[in-house]
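Report on the structure given below.
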Amino acid sequence: MHAIIPQPVWPAGVPKGAQLCYVIGVMATTTPNNTCLSTQQLNALRQALGKLYVLDKPEVLKTYECDACLLIKAPPDVVVLPRTVEEVATVVRLCNEWRIPFVPRGAGTGLSGGALPVDGGVLIGLNRMDRILEVDAVNRLAVVECGVVNAWLNREVKPAGLFYAPDPSSQTACTIGGNVAENAGGIHCLKYGVTTDHVLGLEVVTPEGDVVWLGGRHGAYRHVNWVNMFVGSEGTMGIATKAIVKLTPVPDSVKVFLAAFSQTAQATGAVSQIIASGLGPSALEFIDDFTAQAVDAAFHVGFPKGAEAVLLIELDGHPSEVAEKEVRLKAILETFEVSQLRFATNEAERLQLWQARKGAAAAYGRIMPAFYLHDCVIPRAELTHVLHIIKTVASDYEVLIGNVFHAGDGNLHPNILFDPADSAMMARVLEAGEVILKACLGVGGVLSGEHGIGLEKAHFMDQLFGPVELEVMKRLKRVFDPMGLANPAKIFPAGGGCGEGRHSNREAVKAGLPLKQLNADQGWV
Amino acid sequence: MIKQVVQQLVQALPEGLARVDADDFVWFGPTEAAALATLLQTAGQYPGLTLMPDLGQPIETDRRWSVLPVSWELLNEIVRLRADEYLITVQPGMTVGEMNRILAPHRQRLGTLYPSSRTLLSLIGQDLPCLTQGSVGSFRQQVTGIKALTGAGEPFKYGGEVVKNVTGYDMVALLVGSRHQYGLPVEVTLKTVPIPEMERRLVIDLQPVDETALPSTPALMSTFVDEIKNLQAELNTLKGIALFRLRASIGWKCLLDCGGWRNTVQPDMERLQAWVQALDARGPGLHELDCEASAFDHWLDKLDWQRPGQSYNLVLKVALPTAQAREFLVGFATADWFDAADCLWYPDAGVMYLRWRSPNYPYSAELETIVEWVEQHHDGLVTLAVRPVNIDLPDTLAQPKEPEAFERWRYRLRQLYDPNGLLGPPV
């Protein structure tokens with residue numbers, strides 16, 4: 001997929017010679033050498049971490065200018081790659097001393113622009129902190145550094161008959177630290193829960209530079225549940241450097257079913273019925289025809305042709321329990337118009353189905369260079385209604401939308417495909433996205449189920465929360481980060497009052513105006 | 001003086017919000033969230049007052065004019081039942097029993113298993129572990145949405161009737177387990193679970209013989225603990241388990257909750273019978289299996305040690321990983337202080353309660369030993385489950401040493417979420 005190349009409009013008052021980057025159509029500036037840090041400050045970082053691990057060359061910084069949400073770009077002033085918690089703490093203390101923001105980053109697979117240093121400052125990449133420190137099979141837990149890739153941990157604990165349950169689609173690349181920051185979910189969180197349900201303890205560098213453990217192997221707390229509060233805070237309350245995570249026994253028996261439906265409403269009706277029956281599947285995924293064909297073309301999994309929707313349904317547990325569930329599942333599906341029902345007959349087929357599901361994003365890349373992915377969650381009973389709206393939106397705005405999502409959770413993932421070079425299409429994509437989000441909020445939904453708010457959805461927060469509610473929520477940031485230096489300008493819409501970045505010329509970034517307004521007012525598209 | 005302040009407050013409030021009981025003590029009974037907000041906003045203008053949420057039990061130990069009980073008795077309505085979504089939204093004054101009664105016609109109930117008399121308000125304040133935590137998750141995991149008020153009466157919310165959510169900060173985590181120091185809930189959405197086709201709730205009497213003939217030796221403890229571990233591995237439909245001993249009765253007992261489809265539960269019951277018989281054949285005691293649901297409920301209720309109003313006991317909550325908890329049980333089995341304690345262990349929740357009644361409280365030095373063993377050597381945490389009265393506590397318990405950052409954060413939490421100091425002692 002290609003990066004978006006915005007059309008620059010030189011802003012009044014910005015000195016010529018500054019380089020521009022765009023954040024959802026709002027300009028931010030950096031100094032000509034692409035860093036706002038002084039030579040003395042850069043040297044202090046080099047002294048603390050070693051020359052090799054302080055990156056400030058523009059061509060290198062470009063690697064870090066966006067995450068997997070390609071709508072938004074903001075190159076950091078400098079990137080540091082610490083190896084130890086002490087190094088992380090040193091960098092944070094220096095940032096405190098210099099009053100400059102710092103932003104933690106894992107693998108950069110986030111989908112909401114959460115790891116972008118839009119207020120400038122130091123980007124702290126945790127990728128070198130990638131050791132699995134301990135697997136305690138008796139207590140079913142693991143101690144890992146936060147740069148450990150999700151899939152590595154699963155590979156490590158598999159011989160012990162255990163697995164780490166949160167399994168986002170990016171699990172072969174995303175890190176445990178990133179999962180903690182975003183409270184990542186995945187296909188199997190329908191049964192097993194999201195990241196916050198699997199974190200017992202966290203070693204954290206606080207925004208004020210202290211190193212503390214929240215929780216621990218015991219998973220308990222004294223009066224304040226710091227761990228659950230921290231998970232999902234998107235790096236705005238500090239930087240997690242180590243995690244103690246729960247491990248789950250691999251179920252004795254697993255069976256994955258593929259059910260194809262000639263009509264979307266039949267599939268969503270089946271979802272509601274499966275949930276209402278109390279069957280408790282471990283995964284229940286919806287794939288629309290557009291996505292199924294894209295995936296099939298890329299991965300050759302034999303998804304049926306001509307079906308409007310496909311459900312992937314996984315049952316797990318003791319063999320007798322799975323057998324019983326299978327009987328009941330089939331009885332439910334018989335009441336709907338299922339054009340095809342089959343199941344993975346072996347482990348290889350099962351993995352192929354899930355890999356294909358997780359590879360949907362890659363499959364879209366064969367159709368269009370980029371996509372804008374939403375993550376709203378709605379009551380499951382509203383799936384039919386909202387999918388109909390999405391279909392109408394695709395038609396009205398003349399955009400391609402692929403739906404592949406966690407139906408069992410009501411966690412929609414409409415992927416709006418676009419070509420970054422087509423500015424007219426970009427405008428339609430952004431508008432279509434907004435209409436979909438509003439439709440989800442209208443049925444009692446929320447903005448995000450597992451990707452986080454980051455920068456990309458921050459300006460929608462005031463559609464879900466009133467001013468007082470937002471202000472009360474924002475106070476939590478002030479508890480941990482009174483200086484507002486930890487990953488500023490995230491989660492909350494403009495005028496947040498949490499972050500006091502020193503880059504006055506970047507205040508525009510924090511304005512977080514609605515996309516449509518920006519496009520219209522600033523002539524970006 | 002404070003009595004006059006209270007009287008001024010009562011006069012400033014809308015009619016009907018303040019009540020006066022037979023002993024002339026003032027309490028409040030808001031009937032809706034707006035009334036509670038008015039109370040918080042108005043009371044905040046009178047320094048020196050504390051509002052104490054009445055958690056469903058009489059407040060017997062702290063009847064002072066400056067501490068004003070707020071009853072949720074009239075905030076106990078069901079807001080919405082979404083049986084198809086397995087969600088129920090209620091006001092927090094509702095009890096577990098009431099919620100389960102509403103859910104029963106839909107073949108549903110709450111996933112977490114608590115005594116029926118517990119109010120939702122108390123569960124939010126205390127974040128209690130429970131028998132079924134291993135299968136359904138912690139109490140926090142059951143809450144999908146919350147509406148609440150800060151100490152200054154400002155409204156806030158998080159989540160709703162959706163089962164997954166990362167939209168902003170987890171405000172539920174701020175409230176659950178915080179003893180209502182940072183806000184008061186007014187509406188809560190909880191997950192529910194289907195009532196299984198077949199369920200068996202059982203009590204195993206592990207040692208029903210005369211205690212003098214069968215002392216709690218480490219070997220015996222080791223056997224029990226290992227046997228429980230084996231049992232957990234063997235039962236496919238096990239939803240919850242607890243091991244406990246009460247000094248008032250004799251011996252260790254085990255509560256088991258099994259549920260599922262008929263043809264999966266029945267084989268488990270046969271396995272359980274065989275396990276009990278095998279244990280009986282090996283051990284000197286008679287091991288009994290009581291399958292009466294009423295016996296199960298009886299014990300579940302008796303084990304509600306963190307119930308408000310029971311502050312005359314010393315109750316420690318010991319959180320330990322499973323292996324270390326087993327080591328604790330085996331290693332301390334012969335200690336006098338352990339022998340004098342009631343003990344309750346939720347292996348799946350990783351939580352053990354130890355309770356002593358006067359005059360058998362352990363010495364301060366013994367408490368110090370427990371804390372040191374658990375916290376410094378075995379990755380655990382010891383907290384006071386209820387506030388004891390007139391007991392000499394070591395500093396490690398009375399004023400546990402925590403990172404300085406925690407103290408700062410707590411201070412700021414109170415400053416920002418309870419600026420008038422109504423919801424707890426002043427910061």
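The values are calculated or read from the model by the stated rules, or taken from the named source; none is laboratory data. Because the structure is predicted, anything quoted here is derived from the model rather than measured. With ideal geometry, Cβ positions are generated from the backbone for all residues, glycine too; neighbour counts draw on all protein chains shown.
In region B:231-281, how many are under 27 Å from the mean Cα position of the chain (by Cα) and in a helix (DSSP H, G or I)?
Total satisfying the criteria: 3.
From the list B:Pro308, B:Pro215, B:Pro284, which residue is loosely packed, with under 15 Cβ neighbours inside 10 Å, within 30 Å of B:Leu384 (Cα to Cα) and modelled with pLDDT under 75? First the steps, then the outcome.
Numbers: B:Pro308 fails: loosely packed, with under 15 Cβ neighbours inside 10 Å; B:Pro284 fails: within 30 Å of B:Leu384 (Cα to Cα).
From the options B:Pro308, B:Pro215, B:Pro284, the qualifying one is B:Pro215.
Which of the residues belonging to region A:427-456 are β-branched (Val, Ile, Thr) and under 19 Å from A:Ala370 (Cβ atoms)?
A:Val429, A:Ile436, listed by residue number.
If I go through region A:161-200 residue by residue, how many of them are more than 12 Å from every other protein chain (Cβ to nearest Cβ), touching a Leu at 6+ places or on another chain (Cβ under 9 Å), in a loop (DSSP other than H, G, I, E, B) and of a type outside the set (Ser, Thr, Tyr)?
1
Going through region A:426-471 one residue at a time, which ones are under 21 Å from the mean Cα position of the chain (by Cα), within 11 Å of chain B (Cβ to nearest Cβ) and among the small types (Gly, Ala, Ser)?
A:Gly445, A:Ser448, A:Gly449, A:Gly452, A:Gly454, A:Ala458
Only one of these is touching a strand residue (DSSP E or B) at 6+ places or on another chain (Cβ under 9 Å), over 23 Å from A:Gly216 (Cβ atoms) and of a type outside the set (Phe, Trp, Tyr): B:Ala340, B:Ala349. Name it.
It is B:Ala340.
Report the residue count in region B:352-386 for those that are touching a residue at least 40 places away in the same chain (Cβ under 8 Å), in a strand (DSSP E or B) and over 15 Å from A:Arg217 (Cα atoms).
Total satisfying the criteria: 5.
Given the options B:Glu154, B:Glu187, name the one that is surrounded by fewer than 24 Cβ atoms within 10 Å (Cβ to Cβ), more than 9 Å from chain A (Cβ to nearest Cβ) and farther than 23 Å from A:Ala220 by Cα.
After applying the criteria, what remains is B:Glu187.
Quick one: would you say A:Gly402 is surrounded by fewer than 23 Cβ atoms within 10 Å (Cβ to Cβ) and closer than 25 Å to A:Val194 by Cα?
So A:Gly402 fails the test.
Consider region B:349-396. How many of its residues are aliphatic (A, V, I, L, M) and within 11 Å of chain A (Cβ to nearest Cβ)?
Keep residues of region B:349-396 that are aliphatic (A, V, I, L, M), which gives B:349, B:351-352, B:354, B:365, B:367, B:370-371, B:374, B:381-382, B:384-386, B:389, B:391, B:393.
Right, trim to within 11 Å of chain A (Cβ to nearest Cβ) and you get B:349, B:351-352, B:374, B:381-382, B:384.
Within region B:349-396, residues that are aliphatic (A, V, I, L, M) and within 11 Å of chain A (Cβ to nearest Cβ) number 7.
Of A:Met425, A:Met473, which residue is touching a strand residue (DSSP E or B) at 6+ places or on another chain (Cβ under 7 Å), at pLDDT below 95 and surrounded by fewer than 24 Cβ atoms within 10 Å (Cβ to Cβ)?
Of A:Met425, A:Met473, the one residue that is touching a strand residue (DSSP E or B) at 6+ places or on another chain (Cβ under 7 Å), at pLDDT below 95 and surrounded by fewer than 24 Cβ atoms within 10 Å (Cβ to Cβ) is A:Met425.
Residues are listed down the side, and each one gets a yes or a no for (1) over 30 Å from B:Gly159 (Cβ atoms); (2) in contact with a strand residue (DSSP E or B) (Cβ under 8 Å, 6 or more places away or on another chain):
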site: A:Leu341; (1), (2): yes, yes
site: A:Thr345; (1), (2): yes, no
site: A:Ala356; (1), (2): yes, no
site: A:Gly359; (1), (2): yes, no
site: A:Ile367; (1), (2): yes, yes
site: A:Phe371; (1), (2): no, yes
site: A:His374; (1), (2): no, yes
site: A:Pro379; (1), (2): no, yes
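Results for (1) part of a loop (DSSP other than H, G, I, E, B); (2) under 19 Å from the mean Cα position of the chain (by Cα), shown as yes or no for each residue.
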{"position": "A:Gly110", "(1), (2)": "yes, yes"}
{"position": "A:Asn127", "(1), (2)": "yes, yes"}
{"position": "A:Asn139", "(1), (2)": "yes, no"}
{"position": "A:Lys158", "(1), (2)": "no, no"}
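Is at least one residue of region A:340-351 without any contact (Cβ under 8 Å) to a residue 40 or more places away in the chain, of a type outside the set (Phe, Trp, Tyr), in a loop (DSSP other than H, G, I, E, B) and on the phi < 0 side of the Ramachandran plot?
Scanning region A:340-351 turns up at least one residue that is without any contact (Cβ under 8 Å) to a residue 40 or more places away in the chain, of a type outside the set (Phe, Trp, Tyr), in a loop (DSSP other than H, G, I, E, B) and on the phi < 0 side of the Ramachandran plot.
Mind listing whichever residues of region A:39-82 are among the aliphatic types (A, V, I, L, M) and part of a helix (DSSP H, G or I)? Full working, then the answer.
Quick first cut of region A:39-82, residues among the aliphatic types (A, V, I, L, M) only: A:42, A:44-45, A:48-49, A:52, A:54-55, A:60-61, A:68, A:70-72, A:74, A:78-81.
Scanning region A:39-82 gives A:Leu42, A:Ala44, A:Leu45, A:Ala48, A:Leu49, A:Leu52, A:Val60, A:Leu61.
Taking into account only those residues within region A:383-422 that are at pLDDT 95 or above, more than 24 Å from the chain's Cα centre (by Cα) and assigned to a loop (DSSP other than H, G, I, E, B), which is farthest from A:Gly444 (Cα to Cα)?
A:Glu398
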